[in-house]
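Encoded as structure tokens, the structure appears first; notes follow it.
The values are calculated or read from the model by the stated rules, or taken from the named source; none is laboratory data. Values in this document were obtained by computation on a predicted structure and should not be read as measured data. For neighbour counting, all protein chains shown are included, and Cβ atoms are generated from backbone atoms with ideal geometry for every residue, glycine included.
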Amino acid sequence: MTKRALISVSDKTGIAEFAKTLIKNGFEIISTGGTSALLKKEGIDVKDVSDITGFPEMMDGRVKTLHPKVHGGLLYLRENPDHVKQAEDNGITAIDIVAVNLYPFKETVANPNVTLEDAIENIDIGGPTLLRSAAKNFASVTVICDPADYVAVANELNQDGDVSYDLKKKLAVKVFRHTADYDSAVDTFLSKALLGEKVKRLSFVGGEKLRYGENWHQEATFYKDLNGSGPNISNAKQLHGKELSYNNYIDIDNALLTLKDLNSKDPSVVIVKHNNPCGLATGKTLKDAFLAAWDGDPISAFGSIVCVNRVFDVETAKLLDKKFIEIIVAPGFDPAALEMLKNKSEGLRLLELEGFDQPFGSEFVYKHVTGGLLEQTRDIGLFEKWDVVTKAQFPDSKKGLSEFAMSACKCIKSNSISIAYEYEPGCYMLLGMGAGQPNRVDSIGKLAAPKARNNLKEIYDRNEALQSAMTYEEYVTQVFSECVMASDAFFPFDDSVVYANEFGLRYILSPGGSIRDAEVIETADRLGVSLVFTGMRHFLH
Ligand code: 93A
């Protein structure tokens with residue numbers, strides 16, 4: 001029996017070629033007004049839908065294909081004798097392929113001057129109905145809603161004018177996803193236009209079950225962002241190791257954010273633990289950067305996630321010999337380094353993730369709260385201004401180090417403090433950090449500064465030249481006097497400056513903006529500390 005294809009498309013890309021392929025494969029083509037005219041112009045033999053339905057297209061095209069002769073031909077179950085008989089009795093013949101794409105609703109409402117009337121006329125009713133009927137009967141009907149799929153169907157067409165079940169089911173799911181998305185766009189537009197309500201729908205797919213959630217008794221799933229582009233975990237290729245856990249996803253994200261924010265042209269390494277960068281450094285080589293990042297917090301680095309912005313090389317892989325880390329994320333792995341790392345441990349997860357230099361695909365970030373969803377734009381940028389507010393100058397030569405210090409601060413949970421050190425000209429390391437404290441002075445006085453001192457002790461103890469040149473206290477004093485301390489938000493009181501000064505820190509960055517700024521500046525001046533206000537807060541909760 002002659003096979004029949006129904007074609008009705010707004011986007012007419014590639015449709016003539018596809019129709020010709022169908023004709024070659026013995027299909028009869030049925031089509032709607034505009035599509036039919038185009039195909040006829042291309043010399044293709046086409047039947048108009050009105051010839052099948054016995055009704056003209058009417059009401060400005062609002063009713064073209066909405067007819068039992070069309071939908072019966074799509075929906076009847078071929079193997080059901082009752083359906084077959086009812087089709088015969090009513091002069092309904094099977095339609096085997098449907099190629100439909102919809103009125104451009106999203107494109108229409110993207111125009112800020114769109115009228116309600118225009119938007120409504122662009123709500124396709126017949127098209128989604130054709131697609132849904134065909135997709136519902138996907139075992140017998142091949143349905144195409146995206147011109148990109150013409151080739152796949154053409155390639156698979158067999159002598160019976162059929163394609164594989166596998167392709168048909170994929171195309172059917174694609175249809176329902178597409179019409180859901182289409183209806184969602186209509187809902188979003190009309191809710192706002194008619195009811196003044198905003199609607200947010202996010203699309204995530206996959207639903208990969210994870211071994212457990214944040215803790216063992218919690219269940220967890222990972223959904224891919226359907227619209228995700230740019231560097232993101234969904235684009236990562238796992239080359240080795242056991243599957244990622246819930247916490248791994250979170251830590252990898254933090255690592256990625258930190259390196260993206262740092263945006264250094266130099267080899268850079270971040271070491272993340274519990275959603276905070278505990279080690280961060282740039283270096284002349286990846287190996288140097290790794291060593292400096294590790295020195296930032298050797299204790300926390302145990303069981304950490306390491307993310308780098310260069311191909312992971314053998315020199316750096318050798319450094320991991322006696323170190324336990326969970327994951328390495330890199331834009332690539334040197335083949336020899338990959339072998340070494342694979343042999344190191346079964347569990348070590350190696351992820352290849354390219355595009356660090358690309359912008360993030362999504363402009364927004366979300367946080368679920370009980371009963372709602374918070375949306376905000378990404379925290380892009382570092383400083384809004386560079387105001388040296390104290391008598392003591394803040395040399396311009398410390399700007400690179402200051403940028404490093406603040407970008408580290410941005411990815412550390414508030415109240416965050418970072419202490420950054422230029423350990424070699426142009427090479428920076430995070431020497432100490434304070435994270436997640438409900439007050440800022442603890443972040444400085446109990447965490448960042450003591451940690452920086454401890455780290456310097458380890459560096460001092462293994463360096464004989466340093467030991468013969470000065471005492472440990474002299475070394476700390478010298479290093480601290482060169483460091484930059486950054487704070488993610490303003491100092492509500494002058495105590496943070498007092499604490500920093502007690503540890504010997506001389507250069508401080510803060511967004512400023514407190515009602516007690518004058519008091520803070522006065523204290524800094526009294527202590528001879530140099531203070532810059534950057535004007536941009538970087539809370540991260
Ligand atoms: O106005 S409709 O909702 N009513 C219909 O019965 C109908 N059937 C197909 N829109 C309808 N279509 C749509 O027409 C298709 O989805 C396609 O986008 C468009 C193709 O029209 P033409 O072939 O006249 O260019």
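So, Glu79, is that one surrounded by fewer than 15 Cβ atoms within 10 Å (Cβ to Cβ) and in a loop (DSSP other than H, G, I, E, B) or not? Before the answer, list the steps.
Details: surrounded by fewer than 15 Cβ atoms within 10 Å (Cβ to Cβ): yes; in a loop (DSSP other than H, G, I, E, B): yes.
Yes: the conditions hold for Glu79.
Within the stretch 328-347, how many residues are modelled with pLDDT of 95 or more and either under 17 Å from Lys237 (Cα atoms) or within 23 Å of the chain's Cα centre (by Cα) (or both)?
Within the stretch 328-347, residues that are modelled with pLDDT of 95 or more and either under 17 Å from Lys237 (Cα atoms) or within 23 Å of the chain's Cα centre (by Cα) (or both) number 13.
Does Ala172 satisfy being under 25 Å from Gly206 (Cα atoms), away from the ligand (no atom under 16 Å from the Cβ) and modelled with pLDDT of 95 or more? Before you say what the answer is, go through the steps one by one.
Details: under 25 Å from Gly206 (Cα atoms): yes; away from the ligand (no atom under 16 Å from the Cβ): yes; modelled with pLDDT of 95 or more: yes.
Considered against the rule, which asks whether it is under 25 Å from Gly206 (Cα atoms), away from the ligand (no atom under 16 Å from the Cβ) and modelled with pLDDT of 95 or more, Ala172 comes out as yes.
Output the residue which, of all residues in the stretch 195-225 that are free of Cβ contacts under 8 Å to residues at least 24 places away in the same chain and within 30 Å of Glu117 (Cβ to Cβ), is farthest from the chain's Cα centre (by Cα).
In this case the residue turns out to be Leu195.
So, in the stretch 416-458, of the ones that are polar (S, T, N, Q) and surrounded by fewer than 24 Cβ atoms within 10 Å (Cβ to Cβ), which residue ends up farthest from the chain's Cα centre (by Cα)?
Asn454
Here are the criteria: (1) farther than 27 Å from Leu430 by Cα; (2) small (Gly, Ala, Ser); (3) without any contact (Cβ under 8 Å) to a residue 60 or more places away in the chain; (4) surrounded by fewer than 16 Cβ atoms within 10 Å (Cβ to Cβ). Tell me which single one Gly303 does not satisfy.
Every condition holds for Gly303 apart from (1).
State whether one or more residues within the stretch 53-60 are of a type in the set (S, T, N, Q), in contact with a strand residue (DSSP E or B) (Cβ under 9 Å, 6 or more places away or on another chain) and surrounded by 13 or more Cβ atoms within 10 Å (Cβ to Cβ). I'd like the intermediate steps shown before the answer.
Of all residues in the stretch 53-60, those of a type in the set (S, T, N, Q) come to 53.
With in contact with a strand residue (DSSP E or B) (Cβ under 9 Å, 6 or more places away or on another chain) added as a condition, the list becomes none.
Scanning the stretch 53-60, I find no residue that is of a type in the set (S, T, N, Q), in contact with a strand residue (DSSP E or B) (Cβ under 9 Å, 6 or more places away or on another chain) and surrounded by 13 or more Cβ atoms within 10 Å (Cβ to Cβ), so the answer is no.
From (1) within 16 Å of the ligand (Cβ to nearest atom); (2) assigned to a helix (DSSP H, G or I); (3) under 40 Å from the mean Cα position of the chain (by Cα), pick out the condition that doesn't hold for Ala148.
Condition not satisfied by Ala148: (1).
Tally time: how many residues in the stretch 101-117 are part of a helix (DSSP H, G or I) and either within 14 Å of the ligand (Cβ to nearest atom) or surrounded by 15 or more Cβ atoms within 10 Å (Cβ to Cβ) (or both)?
Of the residues in the stretch 101-117, the ones part of a helix (DSSP H, G or I) are 105-110, 116-117.
Next, from what is left, pick out any that are either within 14 Å of the ligand (Cβ to nearest atom) or surrounded by 15 or more Cβ atoms within 10 Å (Cβ to Cβ) (or both): 105-109.
So the count comes out to 5.
Please work out which residue is farthest from the chain's Cα centre (by Cα), limiting yourself to the stretch 242-296 and to residues that are within 19 Å of Ala317 (Cβ to Cβ) and of a type in the set (Phe, Trp, Tyr).
Per the criteria, the residue is Trp294.
State whether the residues of the stretch 172-180 include one that is among the aromatic types (Phe, Trp, Tyr), within 23 Å of Thr65 (Cβ to Cβ) and crowded, with 19+ Cβ neighbours inside 10 Å.
Initially, the stretch 172-180 is screened for residues among the aromatic types (Phe, Trp, Tyr), giving 176.
Then drop every residue that is not within 23 Å of Thr65 (Cβ to Cβ), which leaves 176.
Now restrict to residues that are crowded, with 19+ Cβ neighbours inside 10 Å: none.
No, there is no match, as no residue in the stretch 172-180 is among the aromatic types (Phe, Trp, Tyr), within 23 Å of Thr65 (Cβ to Cβ) and crowded, with 19+ Cβ neighbours inside 10 Å.
So is Val369 without any contact (Cβ under 8 Å) to a residue 12 or more places away in the chain and either hydroxyl-bearing (Ser, Thr, Tyr) or out of contact with any Pro (no Cβ under 8 Å at 6 or more places or on another chain) (or both) or not? First the steps, then the outcome.
Numbers: without any contact (Cβ under 8 Å) to a residue 12 or more places away in the chain: yes; either hydroxyl-bearing (Ser, Thr, Tyr) or out of contact with any Pro (no Cβ under 8 Å at 6 or more places or on another chain) (or both): yes.
For Val369, the condition - without any contact (Cβ under 8 Å) to a residue 12 or more places away in the chain and either hydroxyl-bearing (Ser, Thr, Tyr) or out of contact with any Pro (no Cβ under 8 Å at 6 or more places or on another chain) (or both) - is met.
I'd like to verify a number: residues in the stretch 62-74 that are within 9 Å of the ligand (Cβ to nearest atom) and in contact with a Ser or Thr (Cβ under 8 Å, 6 or more places away or on another chain), how many?
Step one: filter the stretch 62-74 for residues within 9 Å of the ligand (Cβ to nearest atom), giving 62-67, 70.
Cutting the leftovers down to in contact with a Ser or Thr (Cβ under 8 Å, 6 or more places away or on another chain) gives us 64-67, 70.
So the count comes out to 5.
Do you know which residues across the stretch 216-253 are assigned to a loop (DSSP other than H, G, I, E, B) and under 17 Å from Glu326 (Cβ atoms)? Working first, answer last.
Looking only at the stretch 216-253, we keep the residues that are assigned to a loop (DSSP other than H, G, I, E, B), and these are 216-219, 226-232, 236, 241-245.
Matches in the stretch 216-253: Trp216, Ala236, Gly241, Lys242, Glu243, Leu244, Ser245.
Which members of the stretch 1-34 meet the condition of being more than 8 Å from the ligand (Cβ to nearest atom), farther than 21 Å from Ala152 by Cβ and buried (at least 22 other Cβ atoms within 10 Å of the Cβ)?
Across the stretch 1-34, the qualifying residue is only Ile30.
Got at least one residue in the stretch 400-413 being basic (Lys, Arg) and in a helix (DSSP H, G or I)? Full working, then the answer.
Step one: list which residues in the stretch 400-413 are basic (Lys, Arg), which gives 410, 413.
Then keep just the ones that are in a helix (DSSP H, G or I); that gives 410.
Within the stretch 400-413, one or more residues are basic (Lys, Arg) and in a helix (DSSP H, G or I).
Among what's in the stretch 414-460 and is without any contact (Cβ under 8 Å) to a residue 60 or more places away in the chain and not in a helix (DSSP H, G or I), pick the residue that is farthest from Ser510 (Cα to Cα). Before you say what the answer is, go through the steps one by one.
Applying the first criterion (without any contact (Cβ under 8 Å) to a residue 60 or more places away in the chain) to the stretch 414-460 yields 425, 434, 437-450, 452-454, 456-457, 460.
This time we only want the ones that are not in a helix (DSSP H, G or I), so: 425, 434, 437-439.
Details: Pro425: 24, Gly434: 15, Gln437: 17, Pro438: 17, Asn439: 15 Å.
The extreme case among them is Pro425.
Quickly run through the stretch 75-100 and pick out the residues that are within 16 Å of the ligand (Cβ to nearest atom) and in contact with a strand residue (DSSP E or B) (Cβ under 9 Å, 6 or more places away or on another chain).
Here is the first cut: in the stretch 75-100, the residues within 16 Å of the ligand (Cβ to nearest atom) are 75, 95, 97-100.
Once the filter is applied, which keeps residues that are within 16 Å of the ligand (Cβ to nearest atom) and in contact with a strand residue (DSSP E or B) (Cβ under 9 Å, 6 or more places away or on another chain), the stretch 75-100 yields Ile95, Ile97, Val98, Ala99, Val100.
The rows are residues; the columns are (1) away from the ligand (no atom under 13 Å from the Cβ); (2) free of Cβ contacts under 8 Å to residues at least 12 places away in the same chain; (3) not charged (D, E, K, R).
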site: Ser36; (1), (2), (3): no, no, yes
site: Ile44; (1), (2), (3): yes, no, yes
site: Ile52; (1), (2), (3): no, no, yes
site: Met58; (1), (2), (3): no, yes, yes
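Could we say that Asn122 is under 28 Å from the mean Cα position of the chain (by Cα) and more than 17 Å from Val175 (Cβ to Cβ) here?
Details: under 28 Å from the mean Cα position of the chain (by Cα): no; more than 17 Å from Val175 (Cβ to Cβ): yes.
Here the answer is no, as Asn122 does not meet what is asked.
Among the residues in the stretch 478-498, are any over 20 Å from Val389 (Cα atoms), without any contact (Cβ under 8 Å) to a residue 24 or more places away in the chain and in a helix (DSSP H, G or I)?
Checking the stretch 478-498: at least one residue is over 20 Å from Val389 (Cα atoms), without any contact (Cβ under 8 Å) to a residue 24 or more places away in the chain and in a helix (DSSP H, G or I).
Under the condition of being among the polar types (S, T, N, Q) and farther than 24 Å from Glu57 by Cα, which residue from the stretch 118-141 is farthest from the ligand (Cβ to nearest atom)? Show your work before the answer.
Just the residues of the stretch 118-141 that are among the polar types (S, T, N, Q), to begin with: 122, 129, 133, 137, 140.
After this cut, where a residue has to be farther than 24 Å from Glu57 by Cα as well, the list is 137, 140.
Working: Asn137: 18, Ser140: 21 Å.
Result: Ser140.
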